[in-house]
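Undergrad: First the structure, then my questions, so here it is.
The values are calculated or read from the model by the stated rules, or taken from the named source; none is laboratory data. Everything quoted here is computed from the prediction, not taken from an experiment. FYI the Cβ positions are ideal-geometry reconstructions off the backbone, even for glycines, and counts take in every protein chain you see. Keep in mind that these areas ignore ligands, DNA and RNA; they rest on the heavy atoms of the full protein, side chains included. Shrake-Rupley method; radii C 1.70, N 1.55, O 1.52, S 1.80 Å.
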Amino acid sequence: MAALAPLRSLEEEVTCSICLDYLRDPVTIDCGHVFCRSCTTDVRPASGGRPVCPLCKKPFKKENIRPVWQLASLVENIERLKVDKGRQPGEAAREQQDTRLCERHQEKLHYYCEEDGKLLCVMCRESREHRPHSAVLVEKAAQPHRKKLQDQRQCIVAEFEQGHQFLREREQRLLDQLAKLEQELTEGREKYKTRGVGELARLALVISELEGKAQQPAAELMQDTRDFLNRYPRKKFWIGKPIARVVKKRTGEFSDRLLSLQRGLREFQGKLLRDLEYKTVSVTLDPQSASGYLQLSEDWKCVTYSGLYQRAYLHPQQFDCEPGVLGSKGFTWGKVYWEVEVEREGWSEDEEEGDEEEEGEEEEEEEEAGYGDGYDDWETDEDEESLGDEEEEEEAAEEEEVLESCMVGVARDSVKRKGDLSLRPEDGVWALRLSSAGIWANTSPEAELFPALRPRRVGIALDYEGGTVTFTNAESQELIYTFTATFTRRLLPFLWLKWPGTRLLLRP
């Protein structure tokens, strides 16, 4: 208790007589009394035209008001001392580290200069440089920004809640449709089962009667031949379909909706990754790392393949056997995004989609034609031989298409560049391989991927700290594949091209 008495005495000395609070930006007037600067502005002039001191009632001139910097520093020390009394050990040191001080005067930054956009201490505010400017307390200056951040937070929460509500409604609707479809399938199965059991019972009765008829003497059997023909006419017995055509159609429609849902969610994820989390960067290629089979454009943004080796001198960082090239800029932190456009002669998306639709229609017609016949198509030995030849030709063509391909992704700066390379993640390469035959992730073994559309422009999103490399279709935003790893070295953009008539372009 005795130790608190001096502190209270000091608090009384640094208390403003007008606002009864600690002196904020203390100033002295002509009579020598000290008040807060803001409090002196509230003092109104007396009848004589000059304002008077609230304590001694002596008039003073506002132009003679002077700051008391030593007293301002004393107030800060008293406040800090008072707070330290109730603080846990170690908290004072942490707060002192967090407190920013003026580099010039080593004073606490209380003010914000609106003209220069700088934080000021008391002495900076009274300097010739900032005295004509409008300076406000830091907390007051921060209020509009706090309000803006709060509004943005509320907006984000509202947008995501609206999105969640929309997805929950769509989920419930699809689940209800699926439950209804399951009920229809169950009811159809029960009807089919009941009808089948009844038909089996009828057939068993007919068989029993026919067996009994066959045991009759010939004379008795021949007496009612006409009645026999009338009772057992030749007719087709009931053979029903276990799944009604309407239900089968609805099942197919539901499968299409599910595929559309999956595609839409992948596109949604890819767009959020690119727009919200990653910084789009402009990358170029390193000509000294380019294989002699590759030709680079003058701006180092485009690469093409040449079947002839173009260089006689080998740089130490150059790929010699593999037609690869690295980016000139590497990354050791952050989330970055860039794109690689694949320009291929003869690629026409409209023609491909048309061919796929025609093939799908032909398959459906073949299925419908063969569904009710009840006969199987038999192959002769000659047919088998011809089919075998066709399969071998298709496999050979597919192998040729696989050899003509390209790879896009990232690689470690220490990736091996001499001799035959496997170019796998364990070798420091994370990439997709694209060809006319399909798309693969360069895992070991390669994983074939089946995106909804062939990507003409591949988006590459690198999260260094998160340890992921994500590939998307940059046009449809569909998520294609994500590698997961732990990165410890600098990563570079990586291109590999062995596909005549194809160009790879870095975007933007």
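Undergrad: Expressed as a whole percentage, what fraction of the accessible surface of segment 394-496 belongs to carbon and sulfur atoms when a 1.4 Å probe is rolled over the protein heavy atoms?
TA: Working: 2040 of 4340 Å².
Using a 1.4 Å probe with all protein chains present, segment 394-496 comes out at 47 percent carbon and sulfur.
Undergrad: Could you pull the accessible area for Asp25 with a 1.4 Å probe, rounded to 10 Å²?
TA: 10
Undergrad: Tell me, in nm to one decimal, what length is gained between Phe254 and Leu308 on full extension, where the rule is 0.36 nm per residue of separation less the Cα-Cα distance?
TA: Working: separation 54, 0.36 × 54 = 19.44 nm, distance 5.25 nm.
Net length gain for the segment: 14.2 nm.
Undergrad: Another question, then. Which sequence of Leu272, Leu259, Leu285 reflects their accessible areas, 1.4 Å probe, from the largest down? Walk me through the intermediate numbers first.
TA: Values: Leu272 55, Leu259 100, Leu285 0 Å².
Largest to smallest exposure gives the sequence Leu259, Leu272, Leu285.
Undergrad: How many angstrom lie between the C-alpha centres of segment 152-175 and segment 54-75?
TA: Here the two parts' Cα centres lie 59 Å apart.
Undergrad: Now a separate question. Can you give the relative contact order of segment 419-508 as a percent, counting alpha carbon pairs under 8 Å and 6+ residues apart? Kindly include the intermediate steps, with their values, before the conclusion.
TA: Values: 99 pairs, mean separation 14.6, N = 90.
Worked out over segment 419-508, it gives 16 percent.
Undergrad: Shifting gears a bit: With every protein chain kept in the model, how would you rank Met123, Met407 by accessible area, 1.4 Å probe, largest at the top? Working shown, then result.
TA: Numbers: Met123 55, Met407 10 Å².
In descending accessible area the options line up as Met123, Met407.
Undergrad: Hand me the trypsin sites (Lys or Arg not before Pro) from segment 127-231 located in a DSSP loop with no more than 14 other Cβ atoms within 10 Å, in residue order please.
TA: Values: sites: Arg128, Lys140, Arg146, Lys147, Lys148, Arg153, Arg168, Arg170, Arg173, Lys180, Arg189, Lys191, Lys193, Arg195, Arg202, Lys213, Arg226, Arg231; in loops: Arg128.
Taking segment 127-231 and a limit of 14 other Cβ atoms within 10 Å, the loop trypsin sites (Lys or Arg not before Pro) found are Arg128.
Undergrad: Count neighbours as other Cβ atoms within 10 Å of each site's Cβ, and list the GluC sites (Glu not before Pro) in segment 438-508 that are DSSP loop with at most 10 such neighbours. Intermediate results must be reported in sequence, preceding the final value.
TA: On the way: sites: Glu446, Glu448, Glu465, Glu475, Glu478; in loops: Glu446, Glu465, Glu475, Glu478.
Here the GluC sites (Glu not before Pro) that fit, given the DSSP loop and packing criteria, are Glu465.
Undergrad: Rounded to the nearest 10 Å², what accessible area does Ser208 show when all protein chains are kept and the probe is 1.4 Å?
TA: Surface open to solvent at Ser208 totals about 70 Å².
Undergrad: Towards the positive end of the charge dipole of segment 403-474, with charges on Cβ (+1 Lys, Arg; -1 Asp, Glu), say which of Val415, Leu434, Leu449 has the farthest Cα.
TA: Leu434
Undergrad: With all protein chains present and a 1.4 Å probe, how do Thr332, Thr484, Thr472 order by accessible area, largest first? Can you show the working numbers first?
TA: Numbers: Thr332 75, Thr484 115, Thr472 5 Å².
The ordering from most to least exposed comes out as Thr484, Thr332, Thr472.
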